[in-house]
1. By average Cβ neighbour count within 10 Å, what is the ranking of 12-18, 165-171, 30-36 from highest down?
2. In degrees from 0 to 90, rounded to the nearest 10, what is the angle of the helix 106-126 Cα long axis to the longest principal axis of the chain?
3. Taking the Cα atoms only, what angle lies between the long axis of helix 193-206 and the longest principal axis of the chain, rounded to 10 degrees?
4. Helix 12-24: angle to the longest alpha-carbon principal axis of the chain, degrees 0 to 90, nearest 10?
5. Run the helix sum for the chain: -39,500 (n - 2.57) per DSSP H stretch of 4+ residues, divided by residue count, reported at 222 nm to the nearest 500 deg cm²/dmol.
6. Compactness ratio of the chain: Cα Rg over 2.2 N^0.38 Å, N = residue count?
7. Test of understanding: what is the full-extension gain from residue 58 to residue 2, defined as 0.36 nm times their sequence separation minus their Cα-Cα distance?
8. With the other protein chains left in place, how much accessible area per residue, in square angstrom, belongs to the chain at a 1.4 angstrom probe?
Amino acid sequence: MSDTVLIVEDEQILREVLKDYFLNENFTVLEASDGKRALELFNSEKIDLIILDIMLPELDGWSVCRRIRKTADVPIIMLTARGEEEDTLLGFELGADDYVTKPYSPPILLARAKRLLYSRQHKNDIKQQQIHSLNGISINMASRTVLVDDQTIKLTHTEFEILSYLMQNEGIVMTREQLIIKVWGYEYDGDDRTINTHIRNLRTKLGDKADAIKTIVRQGYKFEGTR
Ligand code: CA
């Protein structure tokens, strides 16, 4: 069964180039040239991955990302302008899983898309039935659900990866580089702040359990469990 990618890009030439690359890899491709259409398609079709440009007519990429994240954790790769570090950070704050700077190389974008899908599907396939419970936080690796004091909380794909990795390595300091490689599978040339942003969002969602994630200055993060 092929994966369905939604390409949201208002420049027709860029959209068609990407479409060809994804079709060549046997994806089913849906296209939107504005943000409103993107949401319509998202609400009516089963979509496995979204490539989302920022500057779009009708509704920009930020708004599209924010609205999708209210209900779904589908992987989102944002297309940001080169040198716009703040764009990248805002994207992560809104729950994007990855970003590619324009002008990008389509094969690299495709590789990142496939890696994101693979990491998600591979984890589903392993069906690790383990449930890790620490400090009132329970994560179920098979269903990718998280309970805090028996209440389900909604995490993005990336937030789930970070939390499960920290909990599986309870008490051990994980550097930002380790987290980045674990979550995205390769090292960013970019900025450490990307991880900080995801951690901040994660802490917000964990509420009064947020203290379990400790910041270790100049080193990284660790999950400190008390049983
Ligand atoms: Ca655009």
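The values are calculated or read from the model by the stated rules, or taken from the named source; none is laboratory data. What you see is a predicted model, and the numbers here were worked out from it, not measured in a lab. Cβ sites come from the backbone with ideal geometry, for glycine too, and all protein chains shown count toward neighbours. To get the accessible areas, we keep the full protein, side chains included, count just its heavy atoms, and leave off ligands, DNA and RNA. Shrake-Rupley method; radii C 1.70, N 1.55, O 1.52, S 1.80 Å.
1. Final packing ranking: 30-36, 165-171, 12-18.
2. Tilt of helix 106-126: around 40 degrees.
3. 60
4. Tilt of helix 12-24: around 70 degrees.
5. -13500 deg cm²/dmol
6. For the chain, the normalised Cα radius of gyration comes out at 1.02.
7. The residue 58-residue 2 span can extend by a further 17.2 nm.
8. Per residue, the chain has 49 Å² of solvent-accessible surface.
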